[in-house]
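J.: Handing you this structure, nothing more for now.
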Amino acid sequence: MQNHSIVFFGGKGGVGKSTCSAAFALSAAQNGKKVLLVSTDPAHNLEDLFSVRIGNTISRLQSHLYGLEIDAGEESKRYIEGVKENLQDLVHAHRVSEVHRQIDMAANTPGADESALFDALVNIILEQTEHFDLIVFDTAPTGHTLRLLSLPEMMEAWIDGMLKRRRTVNENYSQLLNDGEPVEDPIYQTLMKRKQKFVEARKWLLDKRKTGFVYVLTPERLPIEETSRAVGQLDQAKMNVNTLIVNKCLPEEAEASAFFQKRKQQEQQYIQMIHEQFKKQKKIFLPLLAEDISTQANLRHISNYL
Ligand SMILES: Nc1ncnc2c1ncn2[C@@H]1O[C@H](COP(=O)(O)OP(=O)(O)OP(=O)(O)O)[C@@H](O)[C@H]1O
Ligand SMILES: [Mg+2]
């Protein structure tokens, strides 16, 4: 995993994505890599883990290790304000309020936050890969992440549609107003730039030498099923999950009582299932610790496995 320049951590809610991505980032930083740990999770907990205030600017967590938290809602707001400002100069004064109303409506449609989040992600990939040896993304629970990662394709298709429409409009305009000479269209150019960015980011995402996908799960039925679905969907998008982290495995010493013996037996069956269902992936097994991983000592303990 540490050979990649970008590593995404995905998985069902609560399985340990944030913990494992932080432990992994920490381990890479201790091996001398300059690492950026990005949280796209609305319930940020990097601050608790590192006892450092992290925000939407890159902050130093430890030697070689930097953190950044992206808030989808905030990104969305900032993005909308930007769009409004840009349009200010293009739209006639008496239409501004109507246009703003339309933009606000668009901002409240489902997927708007994710799309802004995706923009932020693309920017990080394009701007920060040259400054860091490794960028680790701690993502929000499965459903979101999957949609997020398949977005580039959707976005490209969507932008292509828009570009085509703009082209037709521009051709009509140039016939009408400009004696057939091409008209300058700032919106067309903005769309084009956006598209180029997505194409560029996708190159990173699809390059197996550069980008790795790690899935975290616990040895239980539902996380296994969900992981199986997710791995399949990511495979279809040509983003292969190379590593599974099977977290919260009962430790050896848990076998003393009849209760734990039984749990452990059941867990063995699930671990067997994981071996059978995920033949292609490397598997890393992490023990369940006696307490939450909220201290540096615990985090270091876990990072030794990664
Ligand atoms: N191996 C472990 N042993 C003990 N506690 C663990 C272990 N791994 C994670 N935890 C604890 O489980 C809880 C959930 O972990 P974490 O926040 O990393 O999950 P997550 O997948 O990021 O959750 P979310 O989906 O909400 O973002 C935390 O309280 C964490 O300290
Ligand atoms: Mg999390």
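The values are calculated or read from the model by the stated rules, or taken from the named source; none is laboratory data. Remember, predicted model here, so these are calculated numbers, not experimental data. Here the Cβ positions follow ideal geometry from the backbone for every residue, glycine too, while neighbour counts run over all protein chains shown. Note: areas computed on protein heavy atoms with side chains; ligands, DNA, RNA excluded. Shrake-Rupley method; radii C 1.70, N 1.55, O 1.52, S 1.80 Å.
J.: Counting only GluC sites (Glu not before Pro) that are in a DSSP loop and have at most 13 other C-beta atoms within 10 Å, tell me the longest site-free stretch of the chain.
T.: Longest stretch, sites excluded: 1-129.
J.: Considering only protein heavy atoms, what is the solvent-accessible area of His275 at a probe of 1.4 Å, reported in Å² to the nearest 10?
T.: Near enough 80 Å² of accessible area.
J.: Under the rule of -39500 (n - 2.57) per DSSP H run of 4 or more residues, summed and divided by the residues of the chain, what mean residue ellipticity at 222 nm is obtained, to the nearest 500 deg cm²/dmol?
T.: -18000 deg cm²/dmol
J.: Could you please put Thr168, Thr218 in sequence from largest to smallest accessible area, using a 1.4 Å probe? Intermediate values should be presented prior to the final figure.
T.: On the way: Thr168 75, Thr218 10 Å².
Heavy-atom accessible area, descending, gives Thr168, Thr218.
J.: Another question, if that's okay. So how much slack lies between His92 and Arg229, counting 0.36 nm per residue of separation and subtracting their Cα-Cα distance, in nm?
T.: Numbers: separation 137, 0.36 × 137 = 49.32 nm, distance 4.93 nm.
Contour length minus the Cα-Cα distance gives 44.4 nm.
J.: Also, I was wondering about something else. Express the relative contact order of the chain as a whole percentage, based on alpha carbon pairs under 8 Å and six or more residues apart in sequence.
T.: 26
J.: OK, next. In whole angstrom, how far apart do the alpha carbon centroids of region 67-89 and region 236-280 sit?
T.: 41
J.: Can you give the direction-averaged projected area of the convex hull of the alpha-carbon atoms in the chain, in nm²?
T.: 18.5
J.: What number, in percent, do you get for the relative contact order of region 49-118 if the mean sequence gap of Cα pairs under 8 Å and at least 6 apart is divided by its residue count?
T.: Once divided by the residue count of region 49-118, the mean separation gives 32 percent.
J.: Under 15 Å from a point 7 Å along the Cα-to-Cβ line of Lys208: which residues of region 1-42 have their amide N that close?
T.: 1, 4
J.: Another one. So, counting K/R as plus one and D/E as minus one, what does the shell of residues with Cβ under 13 Å around Cys249 add up to?
T.: It works out to a net charge of -1.
J.: What does the extension gain come out to for Lys164 and Glu252, with contour length at 0.36 nm per residue minus their alpha carbon separation? Don't skip to the answer; put the middle values down first.
T.: Working: separation 88, 0.36 × 88 = 31.68 nm, distance 6.17 nm.
Full extension from Lys164 to Glu252 adds 25.5 nm.
J.: Additional query: Tell me the accessible surface of Thr57 in square angstrom (1.4 angstrom probe, heavy atoms of protein chains only), to the nearest ten.
T.: Its heavy atoms expose roughly 90 Å² to the probe.
J.: What figure in square angstrom, to the nearest 10, would you give for the accessible area of Leu250 with a 1.4 Å probe?
T.: About 30 Å², ignoring ligands and nucleic acids.
J.: Separate question: DSSP loop trypsin sites (Lys or Arg not before Pro) in region 42-112 with at most 12 other Cβ atoms within 10 Å of their Cβ, which ones?
T.: Those satisfying the criteria are Arg53.
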